[in-house]
Amino acid sequence: MGVMISEFYGKKVLSVSGNMLGEIKEVVVDIDNAAVSHLLLSEMSKLTKSSDLRTDFLKNSIEYKRVKKVAELIIVGDRV
């Protein structure tokens with residue numbers, strides 16, 4: 001059984017190396033593949049006001065494929 005999208009909101013994110021990365025504010029879903037693609041550490045409305053949306057999106061998002069565990073915290077692998 002998978003994780004419900006609503007379970008992500010408000011959870012803190014910790015890297016496997018022990019760094020606290022932030023708290024989940026938004027979840028990005030790839031509709032074509034019916035799968036979560038990114039977890040955002042900032043509201044999308046704030047990112048869309050940025051002068052450099054792409055950079056700010058990458059800086060404030062975590063690719064879902066990095067997620068190792070979803071429990072009280074979300075544990076993610078380090079960026080590659």
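Looking across segment 1-26, the residues that are surrounded by 10 or more Cβ atoms within 10 Å (Cβ to Cβ) and more than 14 Å from Val76 (Cβ to Cβ) come down to Ile5, Glu7, Tyr9, Lys25, Glu26. So is Ser45 over 18 Å from Lys68 (Cα atoms), touching a helix residue (DSSP H, G or I) at 6+ places or on another chain (Cβ under 6 Å) and surrounded by fewer than 15 Cβ atoms within 10 Å (Cβ to Cβ) or not? In short, no. For segment 62-75, the count of residues that are over 20 Å from Met4 (Cβ atoms) and either surrounded by fewer than 16 Cβ atoms within 10 Å (Cβ to Cβ) or in contact with a helix residue (DSSP H, G or I) (Cβ under 7 Å, 6 or more places away or on another chain) (or both) is zero. Counting only strands (runs of 3 or more DSSP E) that sit wholly inside segment 1-73, those with at least 2 residues that are free of Cβ contacts under 8 Å to residues at least 40 places away in the same chain and of a type in the set (Val, Ile, Thr) are 26-30.
Return yes when Ile24 is β-branched (Val, Ile, Thr) and within 9 Å of the chain's Cα centre (by Cα) and no when it is not. Yes; evaluated as a whole, the condition is true for this residue.
Values quoted throughout were computed directly from the atomic coordinates according to the rules given, and no laboratory measurement underlies them. For clarity, every value in this text was computed on a predicted model and none was experimentally measured. Virtual Cβ from ideal backbone geometry, glycine too; neighbours counted across all protein chains shown.
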